[in-house]
Amino acid sequence: MLISKKIIQKTNPPFLLLSATGEWALVLKVTETSNGLMLEVVESNNGEFVTRSINLNEEPFYVGADIWELEYGSVLMTLNHQSLYEHPAQTLWKQWVMHKNKA
């Protein structure tokens, strides 16, 4: 059992949303709404960045090491963990930051 529960909104992005099927999305921001949590997600489509929102109607369960479990085997975790330094989402995050800095 964890001694403390970590609130995801108080953790710095970026986040990786990983589904049970292995599909992933880069999460830029997590905000609380009246209906739960809103995830701001970015994807790359032919070199263009596409952002979309995902509504979570559940409270992520904190399991430790900046990892939260969701329903249906999905996991939300920070990309700031050393085990994810080689994940393709790191490249997308760096491209997104460079894009934002140019704008």
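Among the listed residues Ser44, Ser53, which satisfies the condition of being touching a residue at least 12 places away in the same chain (Cβ under 8 Å), of a type in the set (Ser, Thr, Tyr) and exposed (fewer than 15 other Cβ atoms within 10 Å of the Cβ)?
So the residue among Ser44, Ser53 that is touching a residue at least 12 places away in the same chain (Cβ under 8 Å), of a type in the set (Ser, Thr, Tyr) and exposed (fewer than 15 other Cβ atoms within 10 Å of the Cβ) is Ser53.
Restricting attention to the stretch 2-49, which residues are on the phi > 0 side of the Ramachandran plot and part of a loop (DSSP other than H, G, I, E, B)?
Selection gives Gly22, Asn46, Gly47.
Filter the stretch 62-91 down to residues that are in contact with a Phe, Trp or Tyr (Cβ under 9 Å, 6 or more places away or on another chain) and within 17 Å of Val50 (Cα to Cα) and give me whichever is surrounded by the most Cβ atoms within 10 Å (Cβ to Cβ).
Here the residue is Ala89.
Scan the stretch 50-103 for residues that are assigned to a helix (DSSP H, G or I) and of a type in the set (Asp, Glu) and report the count. Outline the logic, then answer.
Start the filter on the stretch 50-103 by keeping residues that are assigned to a helix (DSSP H, G or I), which leaves 71-73, 82-84, 88-102.
Next, from what is left, pick out any that are of a type in the set (Asp, Glu): 71.
Total satisfying the criteria: 1.
Here, each number is a calculation from the coordinates, and none is a lab measurement. Since we're looking at a predicted model, the values are computed, not measured. Reconstructed Cβ throughout: ideal geometry from the backbone, glycine too, with neighbour counts over all protein chains shown.
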